[in-house]
Amino acid sequence: MADPTSVQVPQTINDTGGQFPPTSVIATGATLTPVTTTVTAATPPEDALPDDYDPFQHLKQVYYPQHNSAVALFFNDLGSDWKPNIATARSSLRVACTITPDDNELLIAMRHRLFWDLLGYGKSDLFLYQGSIDAITQPATGHPKVTLYFSQDRASVPAGGIASDMEVSFRLMNYTGATYTKTLATSLANLIKSEFLFEGTGLVFTKGKNIYNYLDVAHGYRLLIRGNDQASATTLITQLLNLQEIAFDENKLSISTPEKSNLVGTVPAQQMIYGIEVNLPRYRPTVNVRFRYAFVKIPGLLKNIVLFDATGRRLALVH
């Protein structure tokens, strides 16, 4: 048995900062001597940069593995065995975004801007909503809402003008947020791709001044299509109905044709606003808009689920 007189205890400090008197073993009366623990600090590493330090090479060695990991995650739909190629739009984008060891400053900057800014990866964790976040609750019906987005080709926008766009949406009345699944969403995404992608690009719809209202509440359609003619509007409505295998019913279509002209001259009307001369919005101009992407808003989720993206810029369920 160990000699009780050799037992040591940590030094104890009382409320006034003084040391308590040594304690003893009750059974033997042997004194226990207080000790103070000694801590030896480790030698700090040398805080000088090496003589051959190259700031650019160091930055690149630290940055490009992190960047490329994010690129690989964003394009993980291409598979873990992906090899660099430009055979498809998605693969071409991944090649363009990936930093290589031989890249110079300009290439790295361009790849960074393409991925983080133009493709929007830097905003990928953001979500958009309307109204106060405290007021976000499930809609009264609680059914998922599917939205298709169209926009004007940049090359066709007049100088100083603003690109036109369009959204059309409908509800999935057979499902709620609790019953809708990724499998169902993927199936819908494939149907959207089949209906709205032609020869590798989104279908074009011509907007105009007429309003085509298709009302089928039971199936989740309250469409207000601003079109140029009835034939193309009917075709678009039919394509949207096809996504749920619903037949077009002409009795549910109403048309509004305003007398006001939507033709404008070569020079857009301008007005001074806040001390700045700006172009006034055109009245329902006739303009082509192209299908870009589709997403579904599921009640209870803040972030939309991208179903299909014809531009290849977003991480969608189907490419």
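Only the coordinates and a few stated rules stand behind these numbers; no lab work does. Nothing here was measured: the structure is a model prediction, and the numbers come from that model.
So the values come out like this:
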| item | result |
| --- | --- |
| Scattering curve values for segment 192-319, log₁₀ I(q)/I(0), Debye with Cα scatterers, q = 0.18 Å⁻¹ | -1.10 |
| For segment 256-306, alpha-carbon Rg relative to the globular expectation (2.2 N^0.38 Å, N residues) | 1.86 |
| Overall Cα dimensions of segment 152-236 - principal axes, largest extent first, Å | 48, 29, 24 |
